[in-house]
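Here the structure comes first, spelled out in structure tokens, and everything after it is commentary.
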Amino acid sequence: MPESYEIINHILNVDTSTIAGISRAKDFGIVENHMVDVVTSSHLHEGSTLLTEMHKGRLFVLMRHPVDTAISLFFYLGRATWESTHKQEFNNMTLYEYATLEDQGLRVDNWMTRYLSRKLKGPLDENDIQLAKDIISQKALIGLTEDYEESLKRFDSFHGLGTWPKNGKNCVDEHIHAKANLNKHQSFGNDTKEWKALAAANKADIEVFEFAQTIYVKQGEWIKLHSSSRKWNYRQPW
């Protein structure tokens, strides 16, 4: 539907999946006018411009091991003809060939670090890695796909949403147990040449991910300590 800034089924009819839509949403003041509690967008830095000093927010995100992500994307994009990022070339190569590609047009290394540091091309340095870590530690409530149910409970608790209603619990169970969006493909252990090659190509992302795992533990302790009071404001710093 065309953007109307009307509330439809509890969702504001504005498109924050595009930079143009984010710009329109900013002009309309959807945050300072208290029209939304959650904004979703793949454009992290542009989307953050919707926030102000008086109307802050917090990133919350589910993170997955970079090598697992790379493997899953390789098999998914090779068959997902419905995606704009579909790569037919992947059907004619092995995962190891993909992992050792020099063509950055087909394989993007260290995507998470590049995304957070806004350095999509060229070599990464320690400053880029540190910026990604700073965003994770200072701006984000971390969830891990390897601890999916606990992560969703933390999102629920941190944002003060209360106990899940029955339909919400059913939705969570479907994603955890039924795995409705599972992309089936061959498995590769961390002792295989494919895994090792992808790990070598994504050293920065692995460093950032392992750092995020330590933050996840600390945040769990913090939420457990404060979960009974529910007195904090999630828009304020830790």
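The values are calculated or read from the model by the stated rules, or taken from the named source; none is laboratory data. Worth saying up front: this structure is predicted, and the values here are computed from it rather than measured. Virtual Cβ from ideal backbone geometry, glycine too; neighbours counted across all protein chains shown.
Some observations on this one:
- Among the residues of the stretch 121-153, the ones that are touching a Leu at 6+ places or on another chain (Cβ under 6 Å) and outside any helix (DSSP H, G or I) come to 2 in all.
- Flag for Thr16 being closer than 28 Å to Val108 by Cβ and out of contact with any Gly (no Cβ under 8 Å at 6 or more places or on another chain): no
- Among the residues of the stretch 98-121, not a single one is touching a residue at least 12 places away in the same chain (Cβ under 8 Å) and under 24 Å from His177 (Cα atoms).
- Sole residue being small (Gly, Ala, Ser) and at pLDDT 75 or above, chosen from Gly143, Gly162: Gly143
- All of His45, His65 fail the test of being at pLDDT 90 or above and exposed (fewer than 15 other Cβ atoms within 10 Å of the Cβ), apart from His45.
- Members of the stretch 22-42 that are under 18 Å from the mean Cα position of the chain (by Cα), of a type in the set (Gly, Ala, Ser) and surrounded by fewer than 16 Cβ atoms within 10 Å (Cβ to Cβ): Ser42
- Where helices (runs of 4 or more DSSP H) fall wholly inside the stretch 1-120, the ranges with 2 or more residues that are outside the structural domain of Ile142 (by TED's automatic domain parsing) are 19-28, 44-47.
- Selection count, the stretch 87-108, where residues are under 19 Å from Ile206 (Cβ atoms), modelled with pLDDT of 90 or more and surrounded by fewer than 20 Cβ atoms within 10 Å (Cβ to Cβ): 2
- Qualifying residue in the stretch 137-151 (condition: surrounded by fewer than 16 Cβ atoms within 10 Å (Cβ to Cβ) and within 21 Å of Lys203 (Cβ to Cβ)): yes
- Filter result (touching a helix residue (DSSP H, G or I) at 6+ places or on another chain (Cβ under 7 Å) and small (Gly, Ala, Ser)) within the stretch 124-155: Ala132, Ser137, Gly143
- Conditions (1) over 29 Å from Ile206 (Cβ atoms); (2) touching a strand residue (DSSP E or B) at 6+ places or on another chain (Cβ under 6 Å); number of the one not met by Phe60: (1)
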